[in-house]
Every structure is written in structure tokens, then in C-alpha cells.
Amino acid sequence: MSGLHIPIGTPDGSRTEHAENLLAPNPSIMTLDGTNTWVIGAGEEVVVVDPGPDDDRHLRRVRDHLADRRVTQILLTHGHFDHSGGAKSFAGMVNAPVRALDPRHRLGDEGLADGDVVTVAGLEIHVYGTPGHSFDSLCFWLPADRAMLTGDTVLGRGTTIIAGDGGLADYLRSLDRLRAAAEGLEARALLPGHGPVLPDPIGALDGYIAHRRERLDQIRAAQAQGARTPREIVRIVYADVDKSLWAAAEISVRAQLDYLERL
Ligand SMILES: [Zn+2]
């Protein structure tokens, strides 16, 4: 599509017409290449989504990149530290409020919740409540670019985990909702919190939904083989996954067991 630029090798600098990614230097097995800090705007005013971890070098780079453009608001996709840790420092640098669903992460009077519309220089950002990865996860729809910022609800590579403060039933509902929105709004791109831009939103969301169903089937099968504890299930279901990810997988398995018990 026109206006969608995906650099090879790193998500840094990937963009749509009104959104640009400045990659934070915090790569890890959980954060992929690092946290994507999205700058959204037109003309003199911008909104910054997820300043990233409290990394002075990254925050200065974002500020310097903005040059004369004014940050009107800082928005958080959710409160996990790799997205929110630098928010208050960055707010101090650019003198802007921080809006988030979770009041603990706000700076200023304004919250952020499903149905809100944030406007920056005539550009609209529509807020979708998408709990699951965390209880406070939000996605941001940018109608001008037909792009959805997905935070950690959908990542640019691999799959996300359901954190201890999230829930699988919520997560599955959020994926269905995003799938319906992507179809109804004819989304052209998902702009994730980690990893590269996804140029096929419906394909990506279908892949996520299918992956979740598959994992649930695998967990039922592992239980049928006698696995009981989350660790026993991880050993079977995640046998092909690097052991360094097993602790995270165990959190996801706990969320899935919780979900299955409530069916
Ligand atoms: Zn993250």
C-alpha cells in the first residue's frame, strides 16, 4: 500500500503516513527487537504512544527526533514497564500529560478508555479496550491511515503471552473484536508494540485466533496424557520452544487452565 514503509531488518523507522516508530534499545526474548515507541501526528503536533522503558538515551532520541513539533499527549497501550517505565520522565522532558487506562500510570487528570477519541492536529485516534495480555491493554485505531496500534495484544512476530494480570477469556474476546474491526474498517496495517508492522491485519488476527485454539487443544491433550501441573503441561506442549521461554509459557498455561476450568 502507499504510505506504508517497512524497513528490512529492524522495525526502527517503520511507518504509515501519520505514524512513525522509534525503536527503544531494549531487545530481549520477551520484547523482540525492543519496544516500539510510536509517534503519531500531522504538522506541528504529535501524540507519543509508549515512550518505552526508563532509558534516558531513548527518551532523548525521541525528543530530539520531534524537533519543533509539540507533544500534546502521551498515551500508553498498557502499564507493563517496557512500555510505561519512561513515560513520566518523558512527560517531564516535553511537558505533556500521560493518559492510560490504569490510574497508576497517569500523569494529569485525564484517563483513557474504550470509546475515547483523542485528536491531534485534526487527526483522530480511536481507543479500543482490549483486555487479555494485561487487564489494562488498549489498542488505538488511526482512521486516516487505516492502521491499528496493537500494543502487546498482537506482536509483529510470534505470539503474545497472557500476563498474570490478564485473562484468556478476555483475550479471545479482544482478538475477535479486533478481527471484526479490522474487517469492518478495512484495516491496512497493524502497528505492534514489538516487532515489525503487519501489513495483513486479518491474516495476522486469524493466525492469532487459530494459535490460541490450537494451544487449548494441546493443553486438553496433555491433560489427557496425565499432565496436571502447569510445569508438566509446559514440558509437553512447549517441548519445541526454547527453555528460556518456559517460565513465560507457564504463565500462559496457568491462564489457559483457568479459562478451561471456567468453561
Ligand atoms: Zn511489551
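Here are the numbers:
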item: ³J(HN,Hα), Karplus 6.51/-1.76/1.60, whole Hz, each residue of region 216-221, x for Gly, Pro; result: 4, 4, 5, 5, 4, 5
item: Anisotropy class of region 1-131 from Cα gyration tensor, a/c 1.5 cut; result: rounded
item: Karplus-derived 3J(HN,Hα), 6.51/-1.76/1.60, for each residue of region 156-167, Hz, glycine and proline x; result: x, 8, x, 10, 8, 9, 8, 6, x, 9, x, x
item: Sparse-neighbourhood loop sites, trypsin sites (Lys or Arg not before Pro) in region 3-82 - DSSP loop, at most 16 other Cβ within 10 angstrom; result: Arg69
item: Per-residue [θ]222 nm for the chain (sum of -39500 (n - 2.57) over DSSP H runs n ≥ 4, rounded to 500); result: -10500 deg cm²/dmol
item: Residue-normalised accessible area of the chain, expressed per residue, 1.4 Å probe, Å²; result: 43
item: For region 76-178, the spread of Cα positions along each principal axis, largest first, Å; result: 37, 30, 24
item: Per DSSP, loop GluC sites (Glu not before Pro) in region 19-118 with at most 16 further Cβ within 10 Å; result: Glu44, Glu110
item: Share of carbon and sulfur in the accessible heavy-atom surface of the chain [1.4 Å probe, %]; result: 50
item: Sparse-neighbour loop sites [trypsin sites (Lys or Arg not before Pro); region 203-257; at most 11 other C-beta within 10 Å; DSSP]; result: Arg228
item: Rg and Dmax [Cα atoms of the chain; Å; Rg one decimal, Dmax integer]; result: 18.3, 62
item: Peptides ranked, highest mean first, by Cβ atoms within 10 Å: ranges 182-188, 136-142; result: 136-142, 182-188
item: Heavy atoms of Ile161 accessible to a 1.4 Å probe, total area in Å² rounded to 10; result: 40
item: Interchain or long-range residues, amide H under 5 Å from Thr37's placed H; result: Leu22, Leu23, Ala24
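The values are calculated or read from the model by the stated rules, or taken from the named source; none is laboratory data. Since the structure is predicted, the reported quantities are computational estimates derived from the model, not experimental observations. When we count neighbours, we look across all protein chains shown, and the Cβ atoms used for this are built from the backbone with ideal geometry, even at glycine. Heads up: the accessible areas ignore ligands, DNA and RNA and are worked out on the full protein's heavy atoms, side chains in. Shrake-Rupley method; radii C 1.70, N 1.55, O 1.52, S 1.80 Å.
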